[in-house]
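Asks: Dumping the structure here so I can ask a few things about it.
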Amino acid sequence: MPIAPSEQLRFWAHELGGMAKTGLLHVDNTYDRDRYDRMLGIAEAMAALTIDADFTPERPYLPDIGIPTPKVGCSVAAFDDEGRAVVIQRADNHRWALPGGYAEIGSPPSENALRELHEETGFEARLEHLEGVYNNHRFGSVSPYQFYICLFRARISGGQATPSEESLEVRLVDPADPPADMSELQRTMLRDAAAPPRHAVFQ
């Protein structure tokens, strides 16, 4: 459905501002920090063209995402023809998990999930269905944030196991025998995805 140019500009401003804020969280040099600051300034100027607001150092654009809400992640339980599932050893905490990460502004959940799968494992896949939406608070998570994970089931269609900056190791495992160091949430998602198809899981 077509949208008005002003609405498209606002969406782009939101996406650009989100990229800048994410970049500023991870930047490790002055040159890129300046570029992300400039990018955020451009997003503020674009947003000001579409909404009646003035942005100042005391009231910057996107200091938060507006009303505080849970974060959203997108994960994939991807299986090969032998029924094995792809898991990664995360670089940040060295625990095993399904490929996935926080959703990026501007992309739908399915695209976020497939991007995370490819970036973290090297595999390509076709999504089969939404397995469910999981609430980390229901699984004893030690994260300081509440987040929802949209889990998709997929069939591997190409690529090869390739570790990344976010994954120390990539394995294909029997879902009934996952790595020992895997959280309850990750084990539950893997078990649900390996079960016969059913209505989507939710808490």
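The values are calculated or read from the model by the stated rules, or taken from the named source; none is laboratory data. Not measured: the values here are computed from a predicted model. For neighbour counting, all protein chains shown are included, and Cβ atoms are generated from backbone atoms with ideal geometry for every residue, glycine included. Heavy atoms of the whole protein, side chains included, go into the accessibility calculation; ligands, DNA and RNA do not. Shrake-Rupley method; radii C 1.70, N 1.55, O 1.52, S 1.80 Å.
Asks: Given (1) touching a residue at least 12 places away in the same chain (Cβ under 8 Å); (2) of a type outside the set (D, E, K, R); (3) within 19 Å of Ala91 (Cβ to Cβ), where does Ser143 come up short, assuming only one miss?
Replies: (1)
Asks: Okay, next question. Among what's in the stretch 34-63 and is assigned to a loop (DSSP other than H, G, I, E, B) and farther than 20 Å from Thr22 by Cβ, pick the residue that is modelled with the highest pLDDT.
Replies: Step by step, filter the stretch 34-63, then rank; the result is Ile51.
Asks: Among the listed residues Glu104, Glu184, identify the single one that is surrounded by 15 or more Cβ atoms within 10 Å (Cβ to Cβ), more than 21 Å from Gly83 (Cβ to Cβ) and among the charged types (D, E, K, R).
Replies: Result of the check over Glu104, Glu184: Glu104.
Asks: If I go through the stretch 129-168 residue by residue, how many of them are among the aliphatic types (A, V, I, L, M) and farther than 20 Å from Glu119 by Cβ?
Replies: So the answer is 3.
Asks: Considering every residue within the stretch 112-125, establish whether at least one is assigned to a loop (DSSP other than H, G, I, E, B) and either over 15 Å from Val201 (Cβ atoms) or open to solvent by 60 Å² or more (accessible area, probe 1.4 Å) (or both).
Replies: Yes, there is a match, as at least one residue in the stretch 112-125 is assigned to a loop (DSSP other than H, G, I, E, B) and either over 15 Å from Val201 (Cβ atoms) or open to solvent by 60 Å² or more (accessible area, probe 1.4 Å) (or both).
Asks: Pull out all pairs, ordered by first then second residue, where Cβ-Cβ is under 8 Å, the residues are six or more apart or on different chains, the first lies in the stretch 81-94 and is at positive phi, and the second is of a type in the set (A, V, I, L, M).
Replies: Gly83/Ala194; His94/Leu168
Asks: So which of Leu190, Leu168 ends up being modelled with pLDDT of 95 or more, in contact with a strand residue (DSSP E or B) (Cβ under 8 Å, 6 or more places away or on another chain) and surrounded by fewer than 17 Cβ atoms within 10 Å (Cβ to Cβ)?
Replies: Leu168
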